[in-house]
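Structure first, then comments.
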Amino acid sequence: MTPWFRALFVVGLVAAVAVAAVQLPETVTLDKAKNKQAPVVMSHKLHAEKIACDTCHHTQKGLTAQTATEVPTCASCHLDPAKPEVPSMREMSLTKNPLHKLCIDCHKKEAKGPTKCAECHKK
Ligand code: HEC
Ligand code: HEC
Ligand code: HEC
Ligand code: HEC
């Protein structure tokens with residue numbers, strides 16, 4: 001490759017990566033149950049900086065900030081699922097609701113982050 005062509009090639013690659021990646025949310029609000037429970041706000045930034053993306057976005061193995069294009073919401077699969085084998089986020093149970101399980105289990109394990117109802121469902 002001639003130097004000018006190589007430069008053009010590199011610029012093209014960088015542009016392609018920039019187009020592929022999505023803007024990561026600073027915070028996310030989970031409010032599909034807001035009729036029953038106060039919405040849950042979490043700092044996405046704080047979590048995404050330290051925890052592998054696919055810990056939470058478990059249907060997209062190996063997801064990174066650079067490869068993220070479309071990320072389906074949890075509710076798109078977990079709210080009122082048609083199949084009984086898909087856990088429902090309508091559950092009050094701390095062991096059956098997939099969000100309770102994922103979020104609270106880690107907070108307990110790390111001894112950091114909210115574990116009590118009102119700390120997440122802030123009125
Ligand atoms: C601790 C769990 C957790 C981690 C780690 C995490 N996310 Fe998320 N992310 C969420 C939740 C929860 C939402 C909100 C989803 C919803 O609205 O149902 C979200 C939302 C998003 C959205 C916005 C989706 C939309 O259309 O609203 C993107 C993009 C995203 N995450 C990408 C990433 C990437 C890339 C990483 C890793 C760098 C990452 N996330 C790490 C939990 C996490
Ligand atoms: C494309 C559909 C889909 C999306 C999107 C999705 N899930 Fe799931 N999830 C499933 C299915 C199917 C299962 C059950 C089978 C399995 O464990 O993989 C599951 C299982 C889980 C489990 C395991 C529950 C248990 O009892 O062991 C957790 C936790 C979970 N999901 C959390 C989340 C969170 C949080 C999000 C959003 C960041 C999310 N899921 C997005 C389809 C999805
Ligand atoms: C780590 C944060 C966290 C803690 C602690 C927590 N929750 Fe949740 N809970 C959530 C999230 C996130 C959802 C999904 C919310 C949404 O989409 O509106 C949820 C959903 C629910 C739902 C489903 C309501 C519906 O109709 O869909 C109920 C009920 C609920 N929680 C009750 C509780 C109770 C009771 C406690 C304490 C024993 C508790 N939660 C503790 C995060 C938490
Ligand atoms: C793998 C571990 C892990 C998972 C999974 C996880 N968290 Fe956390 N979370 C943490 C840690 C660690 C902290 C404390 C961060 C700190 O204080 O530096 C925290 C802090 C928080 C806080 C307080 C700071 C803030 O974000 O506003 C909220 C709220 C929270 N988590 C909500 C959630 C919710 C809701 C989920 C599930 C969708 C979740 N977390 C999943 C590890 C986790």
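The values are calculated or read from the model by the stated rules, or taken from the named source; none is laboratory data. Quick caveat, the model's predicted, so the values are computed rather than measured. Cβ coordinates were reconstructed from backbone atoms using ideal geometry, including for glycine residues, and neighbour counts include every protein chain displayed. All accessible areas refer to the heavy atoms of the entire protein, side chains included, with ligands and DNA or RNA removed. Shrake-Rupley method; radii C 1.70, N 1.55, O 1.52, S 1.80 Å.
Assess whether Lys109 counts as being surrounded by 13 or more Cβ atoms within 10 Å (Cβ to Cβ) and over 18 Å from the mean Cα position of the chain (by Cα).
No: the conditions fail for Lys109.
Output the residue which, of all residues in the range 95-105 that are surrounded by 13 or more Cβ atoms within 10 Å (Cβ to Cβ) and free of Cβ contacts under 8 Å to residues at least 12 places away in the same chain, is farthest from Ile51 (Cα to Cα).
Lys96
Give Glu91, Glu49, Glu70 a once-over and let me know the one that is open to solvent by 80 Å² or more (accessible area, probe 1.4 Å) and outside any helix (DSSP H, G or I).
After applying the criteria, what remains is Glu70.
Of all residues in the range 52-67, count the ones that are surrounded by 11 or more Cβ atoms within 10 Å (Cβ to Cβ) and either of a type in the set (Gly, Ala, Ser) or in contact with a Gly (Cβ under 7 Å, 6 or more places away or on another chain) (or both).
Residues in the range 52-67 being surrounded by 11 or more Cβ atoms within 10 Å (Cβ to Cβ) and either of a type in the set (Gly, Ala, Ser) or in contact with a Gly (Cβ under 7 Å, 6 or more places away or on another chain) (or both): 3 in total.
Among what's in the range 30-44 and is within 13 Å of ligand 1 (Cβ to nearest atom) and assigned to a loop (DSSP other than H, G, I, E, B), pick the residue that is most open to solvent (accessible area, probe 1.4 Å).
Across the range 30-44, the extreme among qualifying residues is Lys34.
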